[in-house]
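The next block holds one structure in the form of structure tokens; read it before the comments.
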Amino acid sequence: MTSDPRLALLGLINGFQITQAIRVTSTLRVADHLTDGARSAGELAALTKSHPDSLYRLLRALAAVGVFREDEGRKFALTPMGDCLRTDSATPLGAWAEVVGSPYFWRTWGHLLHSVQTGENAFQNLNDKDVWQFRAEYPEYGATFDRAMTQLSRGSAEAVIRAYDFSSFRHIVDVGGGQGSMLAAILRAHPHLRGTLFDQSHVVAGAKAVLVEHGVIDRCNIVGGSFFETVPEGADAYLMRVVIHDWEDDEAISILKVCRRAMRETAKLLLIERLIAPPK
């Protein structure tokens, strides 16, 4: 990182360009075509049905920030960073790049001034609905978001399993668990456990394939619904990963109350959330 504060700030200001460049390469699945080794920009253009010179300029820009490596003859190869854009990466981030670079996401951040001045939700103000309703109405965006959440779960599942001992439980409900990647990892680590995956019906519609892939479908049932209304009863542990932070206080309290009604006296509620660091 440069020691010149002006250049450092300029890099932050222009960061949107890199965001969109990464989004485009992920959408085109460029990294997947580089799995077996370097290819020329021309080859990649043919494989991705792209304009050769434009794709070359895009890849050259991303090579400058370490996402790809440029070799002689306009050839490009994956770096460890670029490897995360492969759809079968052990630490995938491509779907999240596509979410962050999508038009509805950008329009919302372009409306940030309104939120800061009024305290209102920018997305709600722009679209007259919350982001969850929006994704339900536009399944192409919802599918990309669900895929992103599944990918991001891979990066945190091992850390969660290392940090918390689930062995005393017999039945875990993952509330707002998406397509089940986190729950599947916990069940694989603890073969005696049973699980219930709970999320909106259109979200869990794609969960069976994930649970089958992880070999836990026989120990997990899938339930669709709204956590503002009800959640499955009778488990001894309820898990929510990066759910509560999405909601205002009143809504968060409503979700927690619904969970409490479903829980036995001895059950535990486990919240996995981001922490805000203290001032430096």
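The values are calculated or read from the model by the stated rules, or taken from the named source; none is laboratory data. Just so it is clear, the model here is predicted, and its values are computed rather than measured. Note: areas computed on protein heavy atoms with side chains; ligands, DNA, RNA excluded. Shrake-Rupley method; radii C 1.70, N 1.55, O 1.52, S 1.80 Å.
For the chain, modelled as a GNM with alpha-carbon contacts under 10 angstrom, which of Leu47, Leu197, Leu113 fluctuates the most?
Taking springs between Cα atoms under 10 Å, the residue moving most is Leu113.
Antiparallel versus total DSSP beta bridges in segment 59-203: what percent is that, nearest 5? Let's see the in-between values first.
Numbers: 4 of 9 bridges.
Counting DSSP beta bridges with both partners in segment 59-203, the antiparallel share is about 45 percent.
Translational diffusion coefficient, Stokes-Einstein: compute it for segment 59-98 using the Kirkwood radius over C-alpha pairs as Rh, at 20 °C and 1.002 mPa s, and state it as an integer in µm² s⁻¹.
Stokes-Einstein gives a translational diffusion coefficient of 205 µm²/s.
Jot down the per residue volume, in cubic angstrom and as a whole number, of the convex hull over the alpha-carbon atoms of the chain.
On the way: hull volume 48.7 nm³, N = 280.
Convex hull of Cα atoms, per residue: 174 Å³.
State log₁₀ I(q)/I(0) for segment 60-183 at q = 0.09 Å⁻¹ as given by the Debye formula over alpha-carbon point scatterers of equal weight, solvent excluded.
-0.41
What does segment 1-130 give for Rg and for Dmax, in Å, if only its C-alpha atoms count?
17.3, 53
Show me, for segment 162-169, the HN-Hα J-couplings you get by feeding each phi into the Karplus relation (A = 6.51, B = -1.76, C = 1.60, θ = phi - 60°), rounded to Hz, glycine and proline as x.
Residue by residue, segment 162-169 yields 5, 7, 9, 8, 8, 5, 7, 8 Hz.
Compute the Cα gyration tensor for segment 89-161, then decide on rounded, prolate or oblate, letting a ≥ b ≥ c be the square roots of its eigenvalues: rounded whenever a/c is under 1.5, prolate when a/b is larger than b/c in the other cases, and oblate in all that remain.
Values: a/c = 2.36, a/b = 1.85, b/c = 1.28.
Prolate, since a/c reaches 1.5 and a/b exceeds b/c.
Compute the accessible area per residue over segment 134-263, keeping the other protein chains in place, probe 1.4 Å, unit Å².
Ligands and nucleic acids excluded, the result is 47 Å² per residue.
For the chain, give the percent of accessible area contributed by carbon and sulfur heavy atoms, probe 1.4 Å, rounded to a whole number.
Carbon plus sulfur share of accessible area: 56 percent.
Once you sort the root eigenvalues of the Cα gyration tensor of segment 129-277 as a ≥ b ≥ c, which label holds: rounded (a/c under 1.5), prolate (a/b larger than b/c) or oblate (the other case)?
Rounded is the answer for segment 129-277, as its axis ratio a/c remains below 1.5.
Would you compute, from DSSP H runs of 4+ residues alone, the mean residue ellipticity of the chain at 222 nm, taking -39500 (n - 2.57) per run and dividing by the full residue count, rounded to the nearest 500? Don't skip to the end; give the middle numbers.
On the way: 16 runs with 144 residues, N = 280.
Helix-only estimate at 222 nm: -14500 deg cm²/dmol.
Rule-of-thumb check for segment 174-260: C-alpha Rg over 2.2 N^0.38 Å?
Normalised Rg, Cα atoms only: 1.06.
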